[in-house]
1. Which one of these is part of a helix (DSSP H, G or I) and modelled with pLDDT under 85: F50, F77, F60, F46?
2. For the stretch 33-79, how many residues are more than 16 Å from the chain's Cα centre (by Cα) and not hydrophobic (A, V, I, L, M, F, W, C)?
3. Let me spell it out: the conditions are (1) of a type outside the set (A, V, I, L, M, F, W, C); (2) touching a helix residue (DSSP H, G or I) at 6+ places or on another chain (Cβ under 7 Å); (3) at positive phi, and Y67 meets all of them except one. Which number is the exception?
4. Look through V31, V11, V70 and report the one residue that is surrounded by 11 or more Cβ atoms within 10 Å (Cβ to Cβ), modelled with pLDDT of 80 or more and part of a loop (DSSP other than H, G, I, E, B).
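The values are calculated or read from the model by the stated rules, or taken from the named source; none is laboratory data. Keep in mind that this is a model prediction, so the values were computed, not measured. Positions of Cβ are backbone-derived with ideal geometry, glycine not excepted, and every protein chain shown enters the neighbour counts.
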Amino acid sequence: MKKLLIFSVIVSIIIASMVLSIAIEHNTMEVFCKEIDTSECSFDYFYAIFIWLTWFIPTFVAQSAVYWLVLSVVKCFSDGGLKP
């Protein structure tokens, strides 16, 4: 179970990081800039962390639920199936 938890965390980190990277690359409207009026862009780290967490948390929860469900089904059938 601990291995699946670590695997889920790693996959969630990868997915959240990829989405954030794509969002920063395609930042056409300067969403990640704190001050839009100036010619320079000071990167808004809090917004970037917010975007990363909004992808990490649901991905982690969904994967954990699926892994738990699969393990429960496998354990049920390895114990002899459903008993009346």
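1. Only one candidate passes the filter, namely F77.
2. Summing the residues that are more than 16 Å from the chain's Cα centre (by Cα) and not hydrophobic (A, V, I, L, M, F, W, C) in the stretch 33-79 gives 13.
3. (3)
4. Just a single option satisfies the conditions, and that option is V31.
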